[in-house]
Amino acid sequence: MFNADHTRLGAEVARLEAAGLDFIHLDVFDGRFVSDLGFAPRTIAALRPLTHLPFEVHLGSIEPLRFIPPLAAAGSDLIIFHLESVAMVYEAVFLAREYNIKVGLAVTLGTPLVVVEPVIDLVDAVLLLSRVTGEGVKGASFDPRVLFRVQRVREMAQAAGANVDIQVAGGVKRQHIPELVGAGATTLAMGGGLYRVPDMTQEVADMRRLAASPES
């Protein structure tokens, strides 16, 4: 939703729901871990009554633990924090669990995936960034190196017997869907890939067909 018209966020929520999306992805950035700023918890709380779609929060902060309580109170269904931002991953995971919400790990493109393996059975989602976090407004392109990373996380999850949602975000567009789904991605978070097309509803329908038959 970072790509939405921020002068009419309520209407944008309705537009996303009408387009047939499965969830709304909200970036919460602190201006330090990520140079940009995202949605405040109070904004998320204001939008929460406007839709039944789940709210997925991508938390890019050097102090994620201090954001988890207010984000949970705002109505977040899933909070995804960065592995690079915490010294003790277990502490952050268990804190989110105290609020009875789902928890995920975000991993930037240059971070070795070995850090994911010990905790993959503790989380609901792993979000793999296909470009540098926070570059959405700069037009940075999708990096195909994320495909191997998707495959590797899928292998980790299978080896651990973990039911993990493998997500990809960052420059994802229609043409990337077959390879991403084929590699094992189960969720694709899109910004510009949806907002910069003439008909969002049609684009969502076309993307669903591609995801259902990635080899076609």
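A73 falls short on exactly one of the conditions (1) surrounded by fewer than 15 Cβ atoms within 10 Å (Cβ to Cβ); (2) under 18 Å from the mean Cα position of the chain (by Cα), and that condition is (2).
Quick check on T108: is it closer than 21 Å to T186 by Cα and among the polar types (S, T, N, Q)? Yes: the conditions hold for T108.
The condition of being of a type in the set (A, V, I, L, M, F, W, C) and closer than 15 Å to D143 by Cβ holds for only one of V197, V204, V168, V164, that being V168. Report yes if Y99 is at pLDDT below 90 and among the hydroxyl-bearing types (S, T, Y), otherwise no. Spelling it out, it is not the case that Y99 is at pLDDT below 90 and among the hydroxyl-bearing types (S, T, Y). Among the helices (runs of 4 or more DSSP H) confined to the range 175-216, the ones with at least 1 residues that are farther than 19 Å from V150 by Cβ are located at 192-195, 200-212. Of all residues in the range 3-35, those satisfying the criterion of being among the polar types (S, T, N, Q) and in contact (Cβ under 8 Å) with a residue 12 or more places away in the chain are N3, S35.
Taking the range 1-43 as the range and being loosely packed, with under 15 Cβ neighbours inside 10 Å and either part of a helix (DSSP H, G or I) or touching a Cys at 6+ places or on another chain (Cβ under 6 Å) (or both) as the test, the residues that pass are G10, A11, A14, E17, A18, R42.
Can you tell me which residue among E91, E84 is among the charged types (D, E, K, R), closer than 23 Å to V172 by Cα, in a helix (DSSP H, G or I) and without any contact (Cβ under 8 Å) to a residue 60 or more places away in the chain? Exactly one of E91, E84 is among the charged types (D, E, K, R), closer than 23 Å to V172 by Cα, in a helix (DSSP H, G or I) and without any contact (Cβ under 8 Å) to a residue 60 or more places away in the chain, namely E84. Could you go through the range 50-65 and let me know if any residue there is assigned to a helix (DSSP H, G or I), exposed (fewer than 15 other Cβ atoms within 10 Å of the Cβ), at pLDDT 95 or above and touching a helix residue (DSSP H, G or I) at 6+ places or on another chain (Cβ under 9 Å). No, there is no match, as no residue in the range 50-65 is assigned to a helix (DSSP H, G or I), exposed (fewer than 15 other Cβ atoms within 10 Å of the Cβ), at pLDDT 95 or above and touching a helix residue (DSSP H, G or I) at 6+ places or on another chain (Cβ under 9 Å).
The values are calculated or read from the model by the stated rules, or taken from the named source; none is laboratory data. As the structure is a computational prediction, the values presented were derived from the model and not from experiment. Don't worry about glycine lacking a Cβ; one is built from the backbone with ideal geometry, like all the others, and counts go over all protein chains shown.
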